[in-house]
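All remarks here apply to the structure that follows.
The values are calculated or read from the model by the stated rules, or taken from the named source; none is laboratory data. What you are looking at is a predicted structure, and each value in this text was computed from that prediction instead of being measured. Neighbour counts run over all protein chains shown; Cβ positions are idealised from the backbone, glycine included.
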Amino acid sequence: MTFPIKTCVICSEEFELRPDKPGFANRCPSCSEPESTEPAEKNHLDAVARKAESEMNEARRRTIREMLYRKES
């Protein structure tokens, strides 16, 4: 079975697009590799940052709720 030949959008190298290839379909395996091996970043927030984010999210939800259920006469 032959696989389709694609051209990498980053390095312009031709490669075979295989079903088990990691990364993006328009990038060669060598250009896709750094993104697939990077560890997922975790946000470690302190108490003040969590409280500020919570308050910001609450204000955002309140604004959206008001916009959705506003009675226009």
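Out of (1) touching a helix residue (DSSP H, G or I) at 6+ places or on another chain (Cβ under 7 Å); (2) modelled with pLDDT under 85, the odd one out for Ile10 is which?
(2)
Select from the range 26-49 the residues that are among the aliphatic types (A, V, I, L, M) and modelled with pLDDT under 85 and write down the one among them that is surrounded by the fewest Cβ atoms within 10 Å (Cβ to Cβ). Talk me through it step by step, then tell me what you get.
First, pick out the residues of the range 26-49 that are among the aliphatic types (A, V, I, L, M): 40, 45, 47-49.
Pick out the ones that are also modelled with pLDDT under 85 and you get 40, 45.
On the way: Ala40: 4, Leu45: 11.
In this case the residue turns out to be Ala40.
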